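Remarks on the structure that follows.
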Amino acid sequence: MSERTQVASRGRVIIRTSIIGIIVNIFLAGFKALVGIVTGSIAIILDAVNNLSDALSSVITILGTALAGKAPDKKHPFGYGRIEYMSAIVISMIVLYAGITSFVESLKAILHPETADYSATALIIVAVGVVVKLALSQFFINTGKKVSSESLVASGTEARFDAIISVATLVAAFIYIFFGLSLESWLAAIISLVLIKSGFEMLRDTISQILGQRIDSATSKAVKKTILSVDGVQGAYDLIFSDYGPDRVLASVHIEIPDTFTADKIDSITREITSRVYNEHNVSIISVGVYSVNTKDEKIAALRGEISKTVSQHNEVLQMHGFFVDFQKKEIRFDLVLDFVPNRNDIYKEVVKEIQAQHPDFRIYANMDVSYSD
């Protein structure tokens, strides 16, 4: 399946799921609004408003998916996939608005309470709404995770909180019926605060993705494993991911290969890496750098061991790789991967200075890297 076909198929799944959500939420909103007006329940009316916000979230998801599915062009050669993240931000803002609005209305109801008139029919409708919303929420979240849609996951999370609000309404109703104590406004206020917290968390997570957050450990380790499975590759380092949308992840990597390989052999290896990683992980390797590994002199292993021992004395240095020695030119080349510490430049200079002092006859060429992925 080509990349364009995969994108189109994913888009159809998201749009179909969102349309189902719109239909279900409009029906629920209508029923709950009617019940809320008849019973005079502020909690049920707010619940209906939340259903309308869910429907609006689904509309935004559809629009975002349609725009994100546009083919790459000269102005945006990596496509429009990040629009989905923008739509997730809008949905997060809707969740925040719904939470804040609900909280304000709950406070008004607390200050100016009105007695609700619960009927068996009203409670049954609310209970059915809880079941439907929980099922819809799980459907959205499962589908969103399956197709990597943050918008669907956000909509599903909002639907789950709507179900919790409905449960709180039912609890408050039964407490009032059996004990004569009206708590629905207080419960609605508490749930509103939880909804506001959820909106902030969704907003934070989506912004983190747009900023370029670290790829999850399982994905980076799986990609490295695939690269190392290619015949001739002795190491894979500096794996960097660039996220241009849920279905468009680009990456670059450095590989270690023997210094005896020809350009033709290296070309064959890099093409094999690109093909395998895309087919197995849907990640496009756009750049493969090469580290040459010494194969002609046994003294190099001992020299590498000495330098590795010096490097290991610094806890901030996570790894040394790309090690190569040229005895004719008297050069030692390698990369140092440092942790994200404030003084990493000073640590890097200190390590290089120590190695240079131990091997004064050689010129030390050390690149400083940071740990971009696991």
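The values are calculated or read from the model by the stated rules, or taken from the named source; none is laboratory data. Source: prediction; values computed, not measured. Note that we place each Cβ from the backbone using ideal geometry, even for glycine, and neighbour counts take in every protein chain shown.
Values as computed for the structure displayed
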read-out	value
Cβ pairs under 7 Å, 6+ apart, first in segment 356-374 and closer than 12 Å to Leu239 by Cβ, second part of a helix (DSSP H, G or I)	Ser373/Ser220; Asp374/Ser217; Asp374/Ser220; Asp374/Lys221
Conditions (1) buried (at least 20 other Cβ atoms within 10 Å of the Cβ); (2) modelled with pLDDT under 85; (3) under 25 Å from the mean Cα position of the chain (by Cα); number of the one not met by Ala48	(3)
Selection from segment 98-136 of residues that are at pLDDT below 85 and closer than 30 Å to Gly245 by Cα	Ala98, Gly99, Lys133
Count of segment 232-242 residues which are crowded, with 16+ Cβ neighbours inside 10 Å and either without any contact (Cβ under 8 Å) to a residue 40 or more places away in the chain or under 17 Å from Arg10 (Cβ atoms) (or both)	1
Residue within segment 108-129 that is within 22 Å of Arg12 (Cβ to Cβ) and among the polar types (S, T, N, Q) present	no
Subset of segment 123-138 that is more than 25 Å from Met86 (Cβ to Cβ) and buried (at least 22 other Cβ atoms within 10 Å of the Cβ) - its residue that is farthest from the chain's Cα centre (by Cα)	Val126
Some residue of segment 157-164 being among the aliphatic types (A, V, I, L, M), free of Cβ contacts under 8 Å to residues at least 40 places away in the same chain and assigned by TED's automatic domain parsing to the domain that holds Arg16	yes
Neighbours by Cβ (under 6 Å, 6+ apart or cross-chain): first from segment 172-185, under 17 Å from His112 (Cβ atoms) and free of Cβ contacts under 8 Å to residues at least 24 places away in the same chain; second assigned to a helix (DSSP H, G or I) and aliphatic (A, V, I, L, M)	Leu183/Ala172; Leu183/Ile175
Considering residues of segment 250-299 that are out of contact with any helix residue (DSSP H, G or I) (no Cβ under 6 Å at 6 or more places or on another chain) and of a type in the set (Lys, Arg) only, the residue nearest to Asp231 (Cα to Cα)	Lys265
Filtered residues of segment 266-277 (kept if surrounded by fewer than 16 Cβ atoms within 10 Å (Cβ to Cβ) and within 27 Å of Val147 (Cβ to Cβ))	Ser275
Filter pass, Gly245 being surrounded by fewer than 17 Cβ atoms within 10 Å (Cβ to Cβ) and in contact with a Lys or Arg (Cβ under 8 Å, 6 or more places away or on another chain)	no
